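Working notes, structure below.
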Amino acid sequence: MAKFKYSLAGSTKINTLSKGTLPLTGAIDATLNIKTGDYTATTVLNDTQGRLTALGFLPVTVGVGFVPSGPTTGKLDDDQLTANLKLRIKVKSVKAFGVIPLAGGNNCQTKQLSDIALKSTDSFDPTGTGGSLGGTYKISDLNGCGPLNGLVSPLTAGGGNTISVKLTPAA
């Protein structure tokens, strides 16, 4: 067994009725079985905020949190890394024009976990430079978002969302 720590930086592109890109930062603490290439990891994704466009014209500022459900699992096979992460997405705030509160809060979250399957987009070097991963995922309907839940949920739920991250070995 070998232990690795990485910093994570990248972005996720939301491709639902609300479109835009949110920055991602975080860290990964992995334990790799050197014989099989299988690993388990603790993934931390920091809360993020960004500007999206809802319905093609309405500017909204969104604060989002990510709560992993269990460890990230995957495999390092030669120089290719795969990762499988399950997480709940929390919509901490949604503000039209950056100031008018529409929804959010600690209870505003996806009804189901999002399954995120990532794979190397280039060569992955676990001890040297790390590498980049990409994938797609779906966001389920939201609940607990207050009186405008019925408006906010359809704007965020859907598939075709992309994620792109760079893992860099932590010093």
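The values are calculated or read from the model by the stated rules, or taken from the named source; none is laboratory data. What you are looking at is a predicted structure, and each value in this text was computed from that prediction instead of being measured. When we count neighbours, we look across all protein chains shown, and the Cβ atoms used for this are built from the backbone with ideal geometry, even at glycine.
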note = Pro68 vs (1) surrounded by fewer than 20 Cβ atoms within 10 Å (Cβ to Cβ); (2) more than 18 Å from Asp115 (Cβ to Cβ): all pass except (2)
request  = Report yes if Ser93 is at pLDDT 95 or above, of a type in the set (S, T, N, Q) and under 17 Å from the mean Cα position of the chain (by Cα), otherwise no.
outcome  = no
key: First in the range 44-57 and closer than 24 Å to Thr73 by Cβ, second anywhere and among the basic types (Lys, Arg), Cβ under 6 Å, 6 or more apart   = none
key: Residue count, the range 16-59 (criterion: touching a helix residue (DSSP H, G or I) at 6+ places or on another chain (Cβ under 8 Å) and surrounded by 14 or more Cβ atoms within 10 Å (Cβ to Cβ))   = 4
key: Criterion violated by Gly63 - all others in (1) without any contact (Cβ under 8 Å) to a residue 40 or more places away in the chain; (2) touching a Gly at 6+ places or on another chain (Cβ under 9 Å) satisfied   = (1)
request  = Scan the strands (runs of 3 or more DSSP E) fully inside the range 66-171 and keep the ones with 1 or more residues being more than 18 Å from Thr31 (Cα to Cα) and not polar (S, T, N, Q).
outcome  = 80-96, 100-103, 114-120, 131-139, 158-169
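Starting from residues that are surrounded by fewer than 17 Cβ atoms within 10 Å (Cβ to Cβ) and farther than 18 Å from Leu85 by Cβ, keep the ones in the range 134-143 and report whichever is nearest to the chain's Cα centre (by Cα). So that I can check it myself, show each step before the final result.
Quick first cut of the range 134-143, residues surrounded by fewer than 17 Cβ atoms within 10 Å (Cβ to Cβ) only: 134, 136, 138, 141, 143.
Subsequent filtering for residues that are farther than 18 Å from Leu85 by Cβ retains 141, 143.
Numbers: Asp141: 16, Asn143: 19 Å.
So the residue we want is Asp141.
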